[in-house]
1. When the residues of the range 142-185 are narrowed to those that are part of a helix (DSSP H, G or I) and polar (S, T, N, Q), which ends up nearest to L316 (Cα to Cα)?
2. Give the residues of the range 157-168 that are of a type outside the set (V, I, T), surrounded by fewer than 24 Cβ atoms within 10 Å (Cβ to Cβ) and in contact (Cβ under 8 Å) with a residue 24 or more places away in the chain, sorted by residue number.
3. Given K112, K58, which one is of a type outside the set (G, A, S), crowded, with 16+ Cβ neighbours inside 10 Å and modelled with pLDDT of 80 or more?
4. Just to be sure, is T33 modelled with pLDDT under 80, of a type in the set (S, T, Y), over 29 Å from G161 (Cβ atoms) and not assigned by TED's automatic domain parsing to the domain that holds V187?
5. Any idea which of S258, S274, S253, S242 is in the same structural domain as P220 (by TED's automatic domain parsing), surrounded by fewer than 12 Cβ atoms within 10 Å (Cβ to Cβ) and among the hydroxyl-bearing types (S, T, Y)?
6. Need a quick list: helices (runs of 4 or more DSSP H) entirely within the range 210-283 having at least 1 residues that are basic (K, R) and at pLDDT below 95.
7. Check M289, M236, M294 and return the single one that is within 20 Å of W201 (Cα to Cα) and in contact with a strand residue (DSSP E or B) (Cβ under 8 Å, 6 or more places away or on another chain).
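The values are calculated or read from the model by the stated rules, or taken from the named source; none is laboratory data. Just so it is clear, the model here is predicted, and its values are computed rather than measured. So basically every Cβ, Gly included, is an ideal-geometry build from the backbone, and we count neighbours across all protein chains shown.
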Amino acid sequence: MTMKASPYDSELIALLRTELGLSDGAVIKQESTLRDNYAFRFDLIIEDGNKMYLVELKNIVNFEALSQLGFFKLIQSASNTRTPHTEFFIVGKRITAEAAEAAEVAGIRFIKLPADADLTEANYRPKTMSVKLTSPRSWKIISYLLKVKKSSIRQLSKGTGVSYGWAHATVQALSSKGVISGSKGYVEIDDINKLLNGIAWERPFEKLFYQEIRIDANSPIALAHDISLVCDEQKMKCGFTSFTAGEIYTGYSARHDSAYVYLEKKNLAALKGSFDTRTEGGIAARIYMPDRDMFKDLREFSAKGIWLVSPAQTLLDCAGLGYSGRDLTLKLVEIYDRL
């Protein structure tokens, strides 16, 4: 048997060996994840022949303590990935009546520990990988769900090319924030305002702002056209976003007097050198530095010859404006499945 040594291991493992009927060849992994496909970290994963036991350790097992195993069981059931030889256990000194009833319904077995057992170490580490909703992979999941409205986690993974593990970790993060609801293995976003507020807090768009230059132009759209033309001529990548892209995608006027564009820092001097810039007057070109690959899925607004970032990126950036861009963001959400 291979495992890391801790003060309570010998007593605990002896108890588990008896309760589970473990063989001498059983492999016990402490604080481990179940392969790379899953984001959950369990206190113990025991592999014994063709059987696998997922074990959580708690001093007092209450209703909340069952959430880790219960949610993982739900994920496996919804995605049809559960193997027939996986069993779920929660180990503790005491279990509340409410938790005992829930554990029985959920198919999670409780194993009682002696009152003097020391489980202090098991309570000081995160249970799942940290997921930022605005990270590139998570945003792929979320924007895809906004487009299809309702989906299983497996479909989210297949539709985006993001791993199943990351997909269900993102769903778990959304669930913990009260953003989604689910039934019969499918999830959907049912509180868009909570989602948008979370995005604005996690990734404020203006944090990417680098510099503003003012250029003589008739309108922000005309300026966006001129900048796109210069970038094409000089083989520089640019992508208009925020209010500029949001207005073009939706046809909704946000009443602004600036053009918002992603540009690599190395190209800023060349862009400025191609225009007669001024300290006041004209139209403001607000330059933002990319925090991911903004230029992979550019779209050309053909009637005006303007390079726009993808609808997904535009939605993320508009949501990052907070309340100042909320009306435009909601318009984007409304038509997002048609973009």
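1. Taking the range 142-185 and keeping what is part of a helix (DSSP H, G or I), we get 142-148, 153-160, 164-176.
Add one more test, that the residue is polar (S, T, N, Q), and what stays is 143, 155, 157, 160, 170, 172, 175-176.
On the way: S143: 9, Q155: 22, S157: 20, T160: 16, T170: 16, Q172: 20, S175: 19, S176: 20 Å.
It comes out as S143.
2. First, the residues of the range 157-168 that are of a type outside the set (V, I, T): 157-159, 161, 163-168.
Subset that is surrounded by fewer than 24 Cβ atoms within 10 Å (Cβ to Cβ): 157-159, 161, 163-166.
Residues satisfying the conditions are S163, Y164, G165, W166.
3. Values: K112 fails: crowded, with 16+ Cβ neighbours inside 10 Å.
Only one candidate qualifies: K58.
4. Values: modelled with pLDDT under 80: yes; of a type in the set (S, T, Y): yes; over 29 Å from G161 (Cβ atoms): no; not assigned by TED's automatic domain parsing to the domain that holds V187: yes.
In short, no.
5. On the way: S258 fails: surrounded by fewer than 12 Cβ atoms within 10 Å (Cβ to Cβ); S274 fails: surrounded by fewer than 12 Cβ atoms within 10 Å (Cβ to Cβ); S242 fails: surrounded by fewer than 12 Cβ atoms within 10 Å (Cβ to Cβ).
It is S253.
6. Details: elements: 220-233, 242-250, 268-273.
Hits in the range 210-283: 268-273.
7. Details: M236 fails: within 20 Å of W201 (Cα to Cα); M294 fails: within 20 Å of W201 (Cα to Cα).
When all the criteria are applied, what remains is M289.
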